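The values are calculated or read from the model by the stated rules, or taken from the named source; none is laboratory data. These figures come from a predicted structure and were not determined experimentally. Reconstructed Cβ throughout: ideal geometry from the backbone, glycine too, with neighbour counts over all protein chains shown. Just so you know, the surface numbers come from the protein's heavy atoms only, side chains and all, with ligands and any DNA or RNA stripped out. Shrake-Rupley method; radii C 1.70, N 1.55, O 1.52, S 1.80 Å.
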Amino acid sequence: MEGVSFDALLWLSFGGPEGPADVRPFLENVTRGRGVPPERLDEVEQHYQHFGGVSPINRLNREAIAAVEAELAGQGVKLPVYFGNRNWHPMAEDTLGKMLADGVQRALVFPTSAYGGYSACRQYDEDIERARAAVGAASDEQQAPELVKLRQFFDHPLFIDSFADATRQALASLPDGARLVFTAHSVPVSADKAAGPPSEGGGRYSKQVAEASRLVAEAVGVAEYDVVWQSRSGPPQIPWLDPDIVDHIEALHEQGVTAVAVCPIGFVSDHLEVIWDLDNEAAEKAGELGMAFARVATPNSDPRFAQLVVELVREHTEGVTPRKLSDFTAAGCTVNGAPCAPLCCEPVKRPAR
Ligand SMILES: CC1=C(CCC(=O)O)c2cc3nc(cc4[nH]c(cc5[nH]c(cc1n2)c(C)c5CCC(=O)O)c(CCC(=O)O)c4C)C(CCC(=O)O)=C3C
Ligand SMILES: [Fe+2]
């Protein structure tokens, strides 16, 4: 098996505010040009201010990076890890500037999302392109480092096993007959239709979320479960993937369900959408209805998550055979922010509302 050598690993994430004054500018960064109504922004600002204006996401990323550094060292892989974000400091372009100054010529990139689709995959390609353009433009002589993005991992056994164990634990904490419900970040229906290469017929994001959910349910031996969505944004007249988790809990209650385990399959860590939209809103709804509620832990702090990242790295550096539990195409691995295929996950024009 042949490997290719790299100088560094760039951990590329979403970013989040680290104090009350960061919240509004962070939200402006996230929603620039995306047609999100100001009322929605005001509402989300309150979610962040509820936690003192601090999103857990940067801390969780730093913890995961420390675990990956230890795992790399343990496996004898010499690769410094850098951290950059799309929407908040450290910004990807600043980090890439630092990498260039440190002499990095070629790096792997780990995006903190397991899935395909515009928001979960292609937008990280855009971040890579933007960061490279920023550092390329800043120096006449030097070229931006080459950046190779690691593949989507929604069907990797280490990702599925981590969620499966956490799901077993959540179910064990609930009375018999609890309903298992998977949830992922909603996206506009038009964005999901445009997800994947046109030849695939669209829906790459929702199909992958459904497949990861199926794999976890199968691993825990649950035959009946639901896949629903959360954290809908955008103007109300634009259709997004539904049902919403909170509405779904009500519907389950009406069907006589008395306990629910909610597995945030669409996320790798306990960031704000998880601790607010699930641990507060969904849990509160369940409480109001007298339903028992358990939220399944995300993989971020599971040692298998660091192992997963290192294994994805070794697919490149040592030609390790990719492990996958589904028949879906292994996608997402591209160079310098190129799309997976022509017109793959094309951004859909958002109305200014
Ligand atoms: C698919 C998907 C993921 C999963 C893939 C991945 O993980 O990348 C994800 C993750 C995240 N989304 C996050 C935060 C936000 N997302 C927003 C808005 C939006 N998300 C979208 C989709 C997704 N988002 C979309 C289609 C929008 C509408 C605007 C647009 O078309 O782009 C807004 C604006 C306010 C609002 O309306 O909610 C915020 C603040 C955070 C950080 C949380 C923290 O701080 O801890 C994380 C990890
Ligand atoms: Fe989001």
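Computed FRET efficiency, Cβ-Cβ of Lys349 and Asp176, R0 45 Å: what is it to the nearest 0.05? Efficiency computed from Cβ-Cβ geometry: 0.40.
Among the listed pairs Lys98/Lys207; Lys149/Lys207; Lys193/Lys324; Lys207/Lys285, those with a Cα-Cα distance over 32 Å are Lys98/Lys207.
Carbon and sulfur: what percent of the stretch 157-299's accessible surface (1.4 Å probe)?
It is 50 percent, rounded to a whole number.
Comparing Ala70, Ala131, Ala166 in a Gaussian network model of the chain, where Cα atoms under 10 Å apart are tied by springs, the biggest mean-square fluctuation is seen for Ala70. Spin-label model, Gln143 to Glu63: label points 7 Å out along the Cα-to-beta-carbon direction sit 4.0 nm apart. Summarising the amide proton neighbourhood of Phe182: residues at separation of 5 or more, or on other chains, whose placed amide H is nearer than 5 Å comprise Asp226, Val227, Val228, Cys263. Along the Cα-to-C-beta direction of Ser199, a point sits 7 Å from the Cα; which residues of the stretch 109-125 have their amide N less than 18 Å from that point? Once the point is set 7 Å along Cα→Cβ of Ser199, 117 turn out to lie under 18 Å by backbone N, inside the stretch 109-125.
Ordering of 37-49, 211-223 by packing is 211-223, 37-49, highest average first (other Cβ atoms within 10 Å, averaged per residue).
Indicate the gyration tensor shape class of the stretch 230-310 (rounded, prolate or oblate), computed on the Cα atoms with a ≥ b ≥ c the square roots of the eigenvalues: a/c under 1.5 is rounded; otherwise a/b larger than b/c is prolate and the rest oblate.
Oblate is the answer for the stretch 230-310, as a/c is 1.5 or above yet b/c matches or exceeds a/b.
For Gln152, the residues whose amide H sits under 5 Å from its own are Ala331, Gly332, Cys333, ignoring neighbours fewer than 5 places away on the same chain, with H placed 1.01 Å from N.
Between Thr329 and Ala21, the FRET efficiency estimated from the beta carbon spacing at R0 = 56 angstrom works out to 0.80. Remark: the stretch 201-217, residue by residue, has Karplus-estimated 3J(HN,Hα) of x, x, x, 4, 5, 5, 5, 5, 4, 5, 5, 4, 4, 4, 5, 5, 4 Hz, where x stands for each Gly or Pro and the curve is 6.51 cos²θ - 1.76 cosθ + 1.60 at θ = phi - 60°.
Summing charges over neighbours of Asp327, with a neighbour being any other residue whose Cβ is under 11 Å away from its Cβ, gives -1 when K and R count +1 and D and E count -1.
Hydrodynamic estimate: the Kirkwood radius of the chain over Cα pairs, inserted into Stokes-Einstein at 20 °C and 1.002 mPa s, corresponds to D of 103 µm²/s.
With every protein chain kept in place and ligands, DNA and RNA left out, what is the accessible area per residue of the chain? Probe 1.4 Å, answer in Å².
Ligands and nucleic acids excluded, the figure is 42 Å² per residue.
Taking 51 Å as R0, compute the FRET efficiency from the Cβ-Cβ separation of Thr321 and Phe51 and round it to 0.05. Computed FRET efficiency for Thr321 and Phe51 comes out at 0.75. Scanning residues 5 or more positions from Gly16 or on other chains, those with amide H under 5 Å from its amide H are Asn58, Trp88, with H placed 1.01 Å from N in the peptide plane.
Order these peptides, 263-275, 54-66, by their mean beta-carbon neighbour count within 10 angstrom, highest first.
263-275, 54-66
Placing +1 on each Lys and Arg Cβ and -1 on each Asp and Glu Cβ, with no other charges, gives the stretch 1-103 a dipole about its Cα centre of roughly 60 debye. The relative contact order of the chain comes to 26 percent, based on Cα pairs under 8 Å that sit 6 or more residues apart.
Would you please classify the overall shape of the stretch 259-353 from the alpha carbon gyration tensor, given that a ≥ b ≥ c denote the square roots of the eigenvalues, rounded means a/c under 1.5, and beyond that prolate means a/b larger than b/c while oblate covers the rest?
Working: a/c = 2.80, a/b = 1.49, b/c = 1.88.
It comes out oblate by the Cα gyration axes.
Computed 3J(HN,Hα) for the stretch 54-61, one whole-Hz value per residue from the Karplus formula 6.51 cos²θ - 1.76 cosθ + 1.60 where θ = phi - 60°, is 10, 7, x, 4, 5, 4, 4, 5, glycine and proline marked x. Gain on full extension, evaluated as 0.36 nm per residue between Arg34 and Ser301 minus their Cα-Cα distance, stands at 93.0 nm. 3J(HN,Hα) couplings calculated from phi for the stretch 93-100 with the Karplus curve 6.51 cos²θ - 1.76 cosθ + 1.60 (θ = phi - 60°) are, in sequence order, 5, 5, 5, 5, x, 5, 4, 4 Hz; Gly and Pro show x.
A crude spin-label estimate for the pair Asp102 and Ala210, with each label 7 Å from Cα along the Cβ direction, gives 4.2 nm. For the stretch 157-299, a/c is not less than 1.5, where a ≥ b ≥ c are the root eigenvalues of the C-alpha gyration tensor, and a/b does not top b/c. That puts it in the oblate class.
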